[in-house]
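The values are calculated or read from the model by the stated rules, or taken from the named source; none is laboratory data. Keep in mind that what you see is a predicted model, and the values were worked out from it rather than measured. Don't worry about glycine lacking a Cβ; one is built from the backbone with ideal geometry, like all the others, and counts go over all protein chains shown. Protein only, heavy atoms only, side chains kept; ligands, DNA and RNA dropped before computing areas. Shrake-Rupley method; radii C 1.70, N 1.55, O 1.52, S 1.80 Å.
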Amino acid sequence: MTQGINRIEQQELKNRVVSAEEAATWIEDGMTLGLSGFTRAGDAKALPQALVKRSQTEKFKVDIFTGASLGSDLDKMMAEAGIIRKRLPFQADNVMRKRINQGEFDFVDQHLSHTAEMLRNHTMEQIDVAVVEAIKITEDGMIIPTTSVGNSLSFVESASEVIVEINTAQPEALEGVHDLFSLAKQGERQPIPLTKTGDRIGTRGIPVDPDKIKGIILTNQADSPSPIVPPDDETKQMASHLIRFLESEVEQGRLTKELAPLQSGIGSVANAVFHGLLESDFENLKVYSEVLQDAVFDLIDAGKVNMASCCSITLSEDKMNQVFNDIDQYKDQLILRTQEISNHPEIIRRLGLISINTALEMDIYGNVNSTHVLGRNMMNGIGGSGDFARNARLSIFVTKSIAKNGDISSVVPMVSHVDHTEHDVDILVTEQGYADLRGLAPRQRVEKIIQNCAHPMYRETLMNYFEEAKERGGQTPHMLEKALSWHTQFEREGTMRPLAEVKS
Ligand code: COA
């Protein structure tokens, strides 16, 4: 297959084209691979697929480092093939989740801005082979990534060898969208020169020493589209509470109608919130986020957003066709960066982001669990939520007030795992309303959280817990023997609801 050979602009590299099967034989047992890919976008596809095939006749295990979750079912296929020894920093696949929770391999759940720093500091294994999807390799020695940048720059810098997958399913017109900035070591570093969402501070591709490129695979496979999650009544309510809160910030002069650069996680609530902005009075908005979903492009098309920066573009099938076939019309308003820069605490604090992320559960004092079900089972990982929550101007967490038909309350006396401490959480939002926790002591937060965010069927029991706990005193009153009793009851009885109520 030679389709795409003209996308290798350096003459001496053209004879390094190999099949994915041949490249897969270069991978040795115990190696660490750095794969491009972030939330379904821009993943190296052919080599992992060939590795899975090779595992049918040969036993080996490798460490898989990526940007975040992979598309094309790669996480599922690699987990099923049993070829993973360690995986980091994030995943979102059902099968992989199950295998992680069965303890089949190690999963390192890491802040997404930290991986690059740890590779640079040599505090983790270095990358043996980086596998990066690209639209082309330029004459001046740049790998131009496709629809995500993720950790690819760090992987290429750290790796002993690089394999490039040139994917002709992605338009060459994507060139010019990326901005790759490499940080110096800690202690030898200048401030990152990014002061506005739209600043370009780096190169248009990943600079690479051609001698490091061991092979080039020519591919033609689109990214997996993201499922469309249309807003339901509850996510619409959450979006409207959140927009009401932002409007009140404008009324009080703390924000203008341009708000501040917005960050949002992926999923149904994020989509609903961004759709809600379409009908709002806010204008000239900026997005400084990890992932851009369909709604951001709708906002650009409607003239509401005039600049969007991210490290990955994850779209539904229709939107993918529309955006990537006409990428030139977005180029002035779109920048794809490394995840180290999209999620960098220095930038998040400097720009003063409004950050919206999702919780699994929150407690009556404002601690948030985004990763562990019943304190034990990994859901997906912390992703970028910690990078943003600790450093944002406004750290907002959203969730539905109940899960599993009401048998789980998302507001509990004590969260069963803490990802975002009470110190990193400003606003909590459920379909019931929002609680503004800024400047409040733990005891002051309780009633706001329970009355504004908890489901009515759990409010009284939550208040009873607090009243009883208060009798023991403390800055943050708790009864340790009862604090996790809601979770243990759920494990035992299948519900957090008061048993007397359930049985009556
Ligand atoms: N206890 C147990 N299970 C719960 C729960 C709780 N308190 N709250 C929700 N769930 C279950 C839901 O029932 C659902 O289960 P199902 O898949 O069997 O239907 C599942 O968790 C997902 O819940 P859902 O309401 O659909 O939320 P979501 O798809 O928006 O995902 C997170 C929520 C928290 C898992 C997800 O946002 C996440 O992984 N966040 C962490 C990473 C992150 O924030 N990244 C973005 C940074 S840019």
>> Straight-line reach from K59: which aspartates and glutamates fall under 12 Å, measuring Cα to Cα and dropping same-chain residues less than 8 apart?
In response: E28, D29
> So what is the calculated 222 nm ellipticity per residue for the chain, using -39500 (n - 2.57) for each DSSP H run with n of 4 or more, over all residues, to the nearest 500 deg cm²/dmol?
Replying inline: -8500 deg cm²/dmol
> Where both partners of a DSSP beta bridge lie in the chain, what percent of those bridges are antiparallel, to the nearest 5?
Replying inline: 30
>> Under the rule of at least 5 residues apart or a separate chain, name every residue whose amide H is placed under 5 Å from the amide H of L334.
In response: A308
> If you place +1 on the Cβ of every Lys and Arg and -1 on the Cβ of every Asp and Glu, how big does the dipole about the Cα centre of region 278-428 come out, in debye to the nearest 20?
Replying inline: 400
>> From the convex hull of the Cα coordinates of region 47-133, what is the mean projected area in square nanometres?
In response: 5.7
>> I need the calculated FRET efficiency for the pair Q451 and T476, taking r as the beta carbon distance and R₀ as 25 Å, to the nearest 0.05.
In response: 0.85
> Can you work out ³J(HN,Hα) from phi for every residue in region 445-450, in order, using Karplus 6.51 cos²θ - 1.76 cosθ + 1.60 and θ = phi - 60°, giving whole Hz and x for Gly and Pro?
Replying inline: 6, 4, 5, 4, 5, 5
> How big is the gap, in Å, between the Cα center of region 111-170 and the Cα center of region 1-61?
Replying inline: 13
> Cα centroids of region 211-231 and region 430-492: how far apart, whole angstrom?
Replying inline: 45
>> Taking a virtual spin label 7 Å from the Cα of D211 along the C-beta vector, which residues in region 152-176 bring their backbone nitrogen under 20 Å of it?
In response: 155-164
> Share of region 342-412's accessible area from carbon and sulfur, percent, 1.4 Å?
Replying inline: 46
> From the backbone phi of region 229-243, what are the Karplus-calculated ³J(HN,Hα) couplings (6.51 cos²θ - 1.76 cosθ + 1.60, θ = phi - 60°) in whole Hz, Gly and Pro given as x?
Replying inline: 10, x, x, 9, 4, 6, 5, 5, 5, 4, 4, 6, 4, 5, 5
> How large is the dipole of the chain about the Cα centre if only Lys and Arg carry +1 and Asp and Glu carry -1, each at its Cβ, rounded to the nearest 20 debye?
Replying inline: 820
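Taking a ≥ b ≥ c as the square roots of the eigenvalues of the Cα gyration tensor of the chain, is the shape rounded (a/c under 1.5), prolate (a/b larger than b/c) or oblate?
prolate
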> Projected onto the charge dipole of region 315-375 (+1 at Lys/Arg Cβ, -1 at Asp/Glu Cβ, origin at the Cα centre), which of H344, V368, I327 gives the Cα projection farthest towards the positive end?
Replying inline: H344
> Can you list the residues, at least 5 places off or on another chain, whose amide H is less than 5 Å from the amide H of G42, using H built in the peptide plane?
Replying inline: T147, S148
> Once the Cα atoms of helix 456-470 and of the chain are each reduced to a long axis, what angle between those two axes, in degrees from 0 to 90 to the nearest 10, is obtained?
Replying inline: 70
> Which pairs in the list K86/K214; K86/K185; K14/K212; K257/K304 are over 21 Å apart, alpha-carbon to alpha-carbon?
Replying inline: K86/K214; K86/K185
> Projected onto the charge dipole of region 21-166 (+1 at Lys/Arg Cβ, -1 at Asp/Glu Cβ, origin at the Cα centre), which of I64, V108, T146 gives the Cα projection farthest towards the positive end?
Replying inline: V108
>> Modelling each spin label as a point 7 Å along the Cα-to-Cβ direction, I'd like the A403/A222 distance in nm, to one decimal.
In response: 3.2
> Working out 0.36 nm times the residue gap between Q3 and E22, then minus their Cα-Cα distance, what length gain in nm do you get to one decimal?
Replying inline: 5.0 nm
> Per-residue HN-Hα couplings for region 5-13, Karplus 6.51 cos²θ - 1.76 cosθ + 1.60 at θ = phi - 60°, whole Hz, x for Gly and Pro?
Replying inline: 4, 5, 8, 9, 7, 8, 3, 5, 8
> Measuring with a 1.4 Å probe in the full set of protein chains, what accessible area per residue, in whole Å², belongs to region 381-423?
Replying inline: 32
>> Could you check the spin-label model distance between T195 and N325? Points 7 Å from the Cα along Cα→Cβ, value in nm.
In response: 4.2
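Given R₀ = 56 Å, what would the calculated FRET efficiency be for T488 paired with K59, taking r from the Cβ atoms and rounding to 0.05?
Details: r = 41 Å, r/R0 = 0.72.
The value I calculate is 0.85.
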> With the Cα gyration tensor of region 100-228 giving a ≥ b ≥ c as the square roots of its eigenvalues, does the rule (a/c under 1.5 for rounded; else a/b larger than b/c for prolate; else oblate) give rounded, prolate or oblate?
Replying inline: rounded
> What are the residues whose amide H is under 5 Å from the amide H of T32, where those residues sit 5 or more places off or on another chain and H is modelled from the backbone?
Replying inline: D63, D128, V129
> Of all GluC sites (Glu not before Pro) in region 1-57, which ones are in loop regions per DSSP and have a Cβ with at most 13 other Cβ atoms within 10 Å?
Replying inline: E28
